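Worksheet: one structure, shown below.
The values are calculated or read from the model by the stated rules, or taken from the named source; none is laboratory data. From a predicted model like this one, the values you see are computed outputs, not experimental measurements. We place every Cβ from the backbone using ideal geometry, glycine too, and count neighbours over all the protein chains shown.
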């Protein structure tokens with residue numbers, strides 16, 4: 001006869017097994033398995049929980065990514081919802097604003113704008129130009145999310161697009177946020193490959209992708225020039241070069 005302790009242990013084992021069992025066994029023709037049992041590259045199965053970055057890799061087949069995304073929506077997975085929100089224009093704008101405010105607070109604690117400019121003046125010319133360029137880039141990126149993508153100084157702490165407080169506008173905020181993020185990637189890639197840093201040197205095999213000393217295409221520190229470049233086609237040229245780079249090198253689009 002089983003003791004009370006043995007029965008309690010068996011119940012706990014059963015509860016754990018139930019917790020680890022997928023709520024759905026099969027979805028869109030693919031078997032669903034517990035997230036910890038899914039093996040990377042097994043595109044015949046779907047994990048039952050969201051795995052970070054899995055929908056942002058070129059390795060997973062497009063039809064598998066679609067099925068996986070649909071499964072996460074059906075399960076209303078909270079981590080998937082948070083990941084989707086990371087591309088929302090409002091979320092990206094407030095994150096970038098936080099970066100700018102943190103930088104400002106750091107200088108305010110150490111002498112303010114006057115001390116910052118004094119520090120810049122004491123740097124060598126290349127480093128000084130780089131610091132000022134990066135200051136402008138941070139501000140321009142925030143304005144891309146805030147003005148072009150429609151964040152409009154709004155904030156959101158929900159971070160669950162299944163419960164978005166902006167109603168049906170979430171679709172536009174997400175779409176514009178994704179477009180703004182791609183624009184950011186193109187601008188940062190251009191900056192890396194046209195504006196020489198103070199220490200980085202490209203390898204011989206990748207030198208063809210670097211254009212140091214060539215005439216500039218855009219001013220990455222100017223929101224106004226970035227907007228003009230969107231209209232006059234300059235950014236299309238950069239995006240095309242960036243796309244060719246990712247295709248030929250095999251790097252992800254966010255890799256610099």
Consider residue 126 carefully, then state whether it is more than 30 Å from residue 80 (Cβ to Cβ), surrounded by fewer than 14 Cβ atoms within 10 Å (Cβ to Cβ) and in contact (Cβ under 8 Å) with a residue 40 or more places away in the chain.
yes
Does residue 38 fit the bill of being crowded, with 17+ Cβ neighbours inside 10 Å and more than 21 Å from the chain's Cα centre (by Cα)?
yes
With the structure loaded, tell me whether residue 62 is out of contact with any strand residue (DSSP E or B) (no Cβ under 9 Å at 6 or more places or on another chain) and under 24 Å from residue 250 (Cβ atoms) or whether it fails that test.
yes
Report, by residue number, each residue of segment 41-81 that is in contact (Cβ under 8 Å) with a residue 60 or more places away in the chain and crowded, with 17+ Cβ neighbours inside 10 Å.
81
List every residue pair whose Cβ atoms lie under 6 Å apart, where the two residues are 6 or more positions apart in sequence or sit on different chains, the first residue falls within segment 226-246 and is not assigned by TED's automatic domain parsing to the domain that holds residue 214 and assigned to a helix (DSSP H, G or I), and the second residue, located anywhere, is surrounded by fewer than 16 Cβ atoms within 10 Å (Cβ to Cβ) and at pLDDT 95 or above.
none
Taking the criterion of being in the same structural domain as residue 177 (by TED's automatic domain parsing), on the phi > 0 side of the Ramachandran plot and more than 19 Å from the chain's Cα centre (by Cα), would at least one residue in segment 91-104 satisfy it?
no
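Here is a yes/no grid of residues against (1) over 20 Å from residue 80 (Cα atoms); (2) surrounded by 18 or more Cβ atoms within 10 Å (Cβ to Cβ); (3) out of contact with any helix residue (DSSP H, G or I) (no Cβ under 7 Å at 6 or more places or on another chain); (4) in the same structural domain as residue 97 (by TED's automatic domain parsing):
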position	(1), (2), (3), (4)
161	no, yes, no, yes
165	no, no, yes, yes
168	no, no, yes, yes
176	no, yes, no, yes
181	no, yes, no, yes
189	yes, yes, no, yes
Go through (1) modelled with pLDDT under 95; (2) not in a loop (DSSP other than H, G, I, E, B) for residue 167 and report which single condition fails.
(2)
Leading residue by the ranking (nearest to residue 120 (Cα to Cα)) among those in segment 198-225 that are part of a loop (DSSP other than H, G, I, E, B) and within 23 Å of the chain's Cα centre (by Cα):
221
By residue number, the members of segment 65-80 that are in contact with a helix residue (DSSP H, G or I) (Cβ under 6 Å, 6 or more places away or on another chain) and over 13 Å from residue 53 (Cα atoms) are 72, 76
Among the residues that make up segment 125-142, is at least one of them more than 20 Å from the chain's Cα centre (by Cα) and not in a helix (DSSP H, G or I)?
no
Residue under question is residue 24, and the condition is that it be modelled with pLDDT under 90, surrounded by 12 or more Cβ atoms within 10 Å (Cβ to Cβ) and not assigned by TED's automatic domain parsing to the domain that holds residue 144; does it hold?
yes
